[in-house]
Amino acid sequence: MDGSDVRRDGASVQSEGGLAAVALAGQAFAVVAPVGGPRRDEFAAAVEAAGLGERSWRCPGSPGAPSRSSKRRRSPDLAGRAGDARARMATSRPSAVWEARVDRQLVQAEMKRARAELQALATQASPADLRRGSAGTRWTNEQLLFHLVFGYMVVRALLPLVRLFGRLPDRAGRIFAGLLNAGRRPFHVVNYLGSCGGALVFHGPRLVRQMDRTVAALSRKVDQETEEALGRTMHFPVDWDPFFRDRMTLLDVYHYGTQHFDFHRQQLTLGLAGGK
């Protein structure tokens, strides 16, 4: 809606950048993206260097996670010792709890980093900075700062939806996502106006406090989630956001706030001389 362009696999997708609010009063629905991005690659490299491998940090049920039913290939020297090999694998294979725990730690760490960045941005910005237009959106920097925080607020609203539809028949989720897709045009309008109005209420120290409370609540919640809960999935409206895929896990939703934050963080024009 704000005119930002995102390139994915050579295709240009028009989007406001990743946040979907269906009402200005706080009733919101957003599309989410899978755990990914540059920091995920850095984390993966660190895990690989530690000898844990990709399997140890993918949550069961997330896209790309190895199947529980898949068989390991045995090297020829283990062919005659199948029983011993199975026993060794049973004790050395990372547990499901460990897989989910590593992901939780990643999500908590990135939220903590985003909270520190938001505090610095909001406290150091001058009045002229805040009034200046952002890059690639129709929001001012002040409105976009609120939008960064609102992404995490929407994550909190999404969690019960994913838990609900994760227990319902798959067809129910597809129908719900289809209905949301049909309302994509008014959604983009509401989404844009929502951050325009939100910035009038949440700005400066109040915006920082809102970010602190929201991130603290999400960090506690993700730490309390069970392995089964983190793997629950829900269908989302693919026309609402360029980062959205048809099916997302609960862990993907937790990560979405930071993915949204990092994307829009680059559109801020704070500290630029001369304005726009």
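In table form, for the structure just shown:
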| read-out | value |
| --- | --- |
| Order of 165, 150 - criterion: other Cβ atoms within 10 Å of each residue's Cβ, fewest first | 165, 150 |
| Likely footprinting exposure, 117, 142, fewest C-beta neighbours within 10 Å first | 117, 142 |
| Rounded to whole Å, sorted largest first: equivalent-ellipsoid semi-axes of the range 118-261, Cα gyration tensor | 30, 20, 10 |
| In Hz, Karplus ³J(HN,Hα) per residue of the range 174-183 (6.51, -1.76, 1.60; θ = phi - 60°; x = Gly, Pro) | 5, 5, 4, 5, x, 5, 5, 4, 5, x |
| In sequence order, calculated HN-Hα J values of the range 108-117 (Karplus, 6.51, -1.76, 1.60; Hz; x Gly/Pro) | 5, 5, 6, 5, 4, 5, 5, 4, 5, 5 |
| Distant-in-sequence amide H partners of residue 241 (H built 1.01 Å from N, under 5 Å) | none |
| Sequence of 152, 254, 192 once ranked by neighbouring C-beta atoms within 10 Å, starting from the fewest | 192, 152, 254 |
| The range 117-238, relative contact order in percent, only Cα pairs under 8 angstrom and at least six apart counted | 42 percent |
| Span per principal axis, largest first, for the Cα atoms of the range 180-256 (Å) | 39, 35, 15 |
| Mean Cβ count within 10 Å, highest first, over the residues of peptides 166-175, 103-112 | 103-112, 166-175 |
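Since every read-out is calculated from the coordinates, none of them should be taken as a lab result. In this text the structure is predicted, and so the values were computed from the model without any measurement. Every residue, glycine among them, receives a Cβ derived from its backbone with ideal geometry; neighbour counts consider all protein chains shown.
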